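Participant: Could you have a look at this structure, given as structure tokens, before my questions?
The values are calculated or read from the model by the stated rules, or taken from the named source; none is laboratory data. What you are looking at is a predicted structure, and each value in this text was computed from that prediction instead of being measured. Glycine also receives a Cβ, built like all others from the backbone with ideal geometry; neighbour counts cover every protein chain displayed. The accessibility values were calculated without ligands, DNA or RNA, using every heavy atom of the protein model including side chains. Shrake-Rupley method; radii C 1.70, N 1.55, O 1.52, S 1.80 Å.
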Amino acid sequence: MENVPVGKVSVEINSRYGRIKDKFMGSYGKKPDYYARASGRVNLIGEHIDYCGYSVLPMAIEQDVVIAVSSNDSGRLQMFECDINDLSINKEKPVWHNYFLCGLKGLLEHCKVTSPKGLQCVVDGTIPKSAGLSSSSALVCCAALVTMHANGQALSKKELSDMCAHCERFIGTEGGGMDQAISFMANKGTAKLIEFNPLKSTDVELPEDVVFVISNSCVELNKAATSHFNIRVVECRLASQIIAKTKGLKWREFKRFADVQKALGLTLDEAVNVVKEILHQEPYTKEEVCGILEVTADELAQTSLSANTLDVKTFKLHDRATHVFSEANRVLQFKKTCDLKPADASVVLGNLMKDSHTSCRDLYQCSCDDLDRLVDICCQSGALGSRLTGAGWGGCAVSMVPANQVDSFIKSVTEKYYGKDDRLKEKVTENLFATQPGGGAAIYLE
Ligand code: NG1
Ligand code: MG
């Protein structure tokens with residue numbers, strides 16, 4: 001099993017690392033021992049299906065989190081002051097350093113480190129936050145990597161990915177494992193199909209005649225501060241359990257669509273039909289769900305809900321389930337098209353991306369007006385396909401643009417989306433940029 005690579009960085013040549021080093025020396029009066037990095041990602045297709053057990057297709061981006069580190073025997077974390085032996089992650093208070101604490105705590109617990117090293121850290125990030133580019137997981141992964149290295153532990157990329165997917169949930173959101181997996185398993189120059197249970201990553205060769213361009217709607221949603229995300233996770237769980245029960249399975253043993261699909265021996269197309277047959281389109285009340293599953297509201301809280309969804313009154317099961325099964329299918333078609341390279345590959349891929357956005361907007365309802373407008377503008381500006389990326393409700397769109405039209409695409413989106421708003425006009429370069437598949441997490445020594 002492969003481990004995270006340890007390489008060299010020259011702070012003379014790499015001005016960013018130079019600045020981080022200067023800041024470290026300014027704070028602690030000495031050089032850092034090493035640097036760790038973990039990248040953000042853009043998900044090309046497969047939204048809100050990783051936590052249902054389905055494969056997704058992201059690539060790492062160049063933007064990342066870098067942490068400069070020196071370790072000591074103080075048992076304290078210096079960055080903001082904190083006792084490593086007494087880590088509390090306050091779910092009520094979604095501050096960024098909580099994500100650092102998730103990675104730190106996760107690694108220490110996983111490796112059963114009894115006397116953890118003290119850490120002096122400077123954290124530097126270039127991933128736009130709350131933008132669907134996974135700044136949160138990059139920080140969790142980077143903090144776990146720092147903690148692993150400082151405490152003399154050696155986990156494989158796979159173990160780190162699984163462990164970080166688990167420990168990011170300390171924050172309260174019940175995400176899947178896509179972000180952590182791509183952050184560790186990415187390789188420069190290739191997108192990846194990420195499969196779960198067991199975790200596996202496969203290179204996906206993207207067409208050469210297209211470029212992926214990221215555009216930020218600049219609408220921010222702090223996922224940890226709202227229940228939007230967990231409501232979707234719970235709706236998927238309830239729909240899985242109702243399908244399982246109706247089909248005579250032991251429903252309490254099921255939490256994810258992929259497991260129900262497998263137990264029933266259905267194809268994804270058949271699963272979409274089963275949804276039509278079993279679930280109604282109108283929202284389900286909690287009472288109705290309890291009636292179908294034959295449980296009390298308290299029991300339902302145990303079997304299916306999360307802390308921040310206890311008070312949710314209605315659940316849209318039909319549309320969420322239809323999105324998940326059809327999106328899982330689109331991921332497989334996307335991968336197949338990349339592998340087979342038909343003459344019209346980029347048109348096929350573009351249409352899959354468009355369908356994905358429509359499904360996220362209408363069935364999963366995880367977009368927002370500005371993001372929909374941005375996706376429309378991207379399609380009018382020459383993109384073959386465009387869709388929201390990441391959790392949604394704001395954040396970024398990813399567009400697939402013919403390589404020879406990137407300049408005119410950027411010009412048009414700049415005028416039509418950013419140019420119309422004085423707040424956005426100044427920030428175009430950081431919010432609208434072409435991207436190439438980037439590399440995964442690494443440790444660097446000077
Ligand atoms: P972002 O956009 O980074 O918050 C979240 C989840 C993913 C995945 C996507 C939706 C976490 C850490 N990340 O990503 O696992 O479910 O939403 O596809 O919860
Ligand atoms: Mg995130």
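Participant: Applying the selection to the stretch 51-88, what residues are within 16 Å of ligand 1 (Cβ to nearest atom) and either among the acidic types (Asp, Glu) or part of a strand (DSSP E or B) (or both)?
Facilitator: Result: Val56, Leu57, Pro58, Met59, Ala60, Ile61, Gln63, Asp64, Val65.
Participant: Given (1) within 30 Å of Val401 (Cα to Cα); (2) open to solvent by less than 10 Å² (accessible area, probe 1.4 Å); (3) within 16 Å of ligand 2 (Cβ to nearest atom); (4) not aromatic (Phe, Trp, Tyr), identify the lone condition not met by Ser215.
Facilitator: So the condition that Ser215 fails would be (3).
Participant: For residues that are under 19 Å from Lys223 (Cβ atoms) and either in a loop (DSSP other than H, G, I, E, B) or among the hydrophobic types (A, V, I, L, M, F, W, C) (or both), scanning just the stretch 358-373, find the one that is most open to solvent (accessible area, probe 1.4 Å).
Facilitator: Gln365
Participant: From the residues in the stretch 115-148 that are of a type in the set (S, T, N, Q) and at positive phi, which one is modelled with the highest pLDDT?
Facilitator: Looking at the filtered set, the residue picked out is Ser134.
Participant: Of all residues in the stretch 179-202, which are open to solvent by less than 10 Å² (accessible area, probe 1.4 Å), touching a strand residue (DSSP E or B) at 6+ places or on another chain (Cβ under 6 Å) and under 20 Å from Gly106 (Cα atoms)?
Facilitator: Listed by number, the residues that qualify are Ala181, Ile182, Ser183.
Participant: Turning to a different aspect of this structure: Which numbered condition in (1) in a helix (DSSP H, G or I); (2) farther than 19 Å from Leu77 by Cα; (3) more than 15 Å from ligand 2 (Cβ to nearest atom) is the only one that Met148 fails?
Facilitator: Only one criterion is unmet by Met148, namely (2).
Participant: Read through the list (1) more than 13 Å from ligand 2 (Cβ to nearest atom); (2) within 25 Å of Pro32 (Cα to Cα), then give the number of the only condition that Asn187 fails.
Facilitator: Against the list (1) more than 13 Å from ligand 2 (Cβ to nearest atom); (2) within 25 Å of Pro32 (Cα to Cα), Asn187 comes up short only on (2).
Participant: For the subset of the stretch 420-443 comprising residues that are outside any strand (DSSP E or B) and open to solvent by less than 30 Å² (accessible area, probe 1.4 Å), which member is nearest to Gln153 (Cα to Cα)?
Facilitator: Ala441
Participant: So which residues in the stretch 144-159 are in contact (Cβ under 8 Å) with a residue 60 or more places away in the chain, more than 14 Å from Tyr34 (Cβ to Cβ) and open to solvent by less than 30 Å² (accessible area, probe 1.4 Å), if there are any at all?
Facilitator: Leu155, Ser156, Lys157
Participant: I've got another one for you. From the list Arg361, Arg373, which residue is among the basic types (Lys, Arg) and touching a residue at least 40 places away in the same chain (Cβ under 8 Å)?
Facilitator: Arg373
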